[in-house]
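Beneath this line is the structure, given in structure tokens, with notes to follow.
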Amino acid sequence: MTTTKFDIHQEITNRIVDAIESAGDFKLPWTRSHGGSVARPANIASGNPYNGVNILSLWVSALAHDYPSNLWGTYRQWQARGAHR
């Protein structure tokens, strides 16, 4: 039995390509009328901005899911902020 190792780089590339292909007509990101923050992604616990390919990956996720915020964190980080009951 052969198992395929998960390739994070290919996954991020696939997400970026999907975002470009499904974008439709080009519209400047700051003119969006719904979610998908284009602010630089930052960690909810530390407030530190993300770097490198993480910025692109989180932007693509925010746009794909209409997330209105640029704040990201783990389940426990959000739980510590009272985001879970």
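Couple of notes before you dig in:
- Scope region 55-85; condition under 30 Å from residue 22 (Cα atoms), without any contact (Cβ under 8 Å) to a residue 24 or more places away in the chain and touching a helix residue (DSSP H, G or I) at 6+ places or on another chain (Cβ under 9 Å); matching residues: 59
- All helices (runs of 4 or more DSSP H) inside the chain with 3 or more residues being surrounded by 15 or more Cβ atoms within 10 Å (Cβ to Cβ) and modelled with pLDDT under 90: 8-21, 53-65
The values are calculated or read from the model by the stated rules, or taken from the named source; none is laboratory data. Computed from a prediction, not measured in an experiment: that's the story for all the values here. Because the Cβ atoms are built from the backbone with ideal geometry, glycine has one as well, and the counts that use them run over all protein chains shown.
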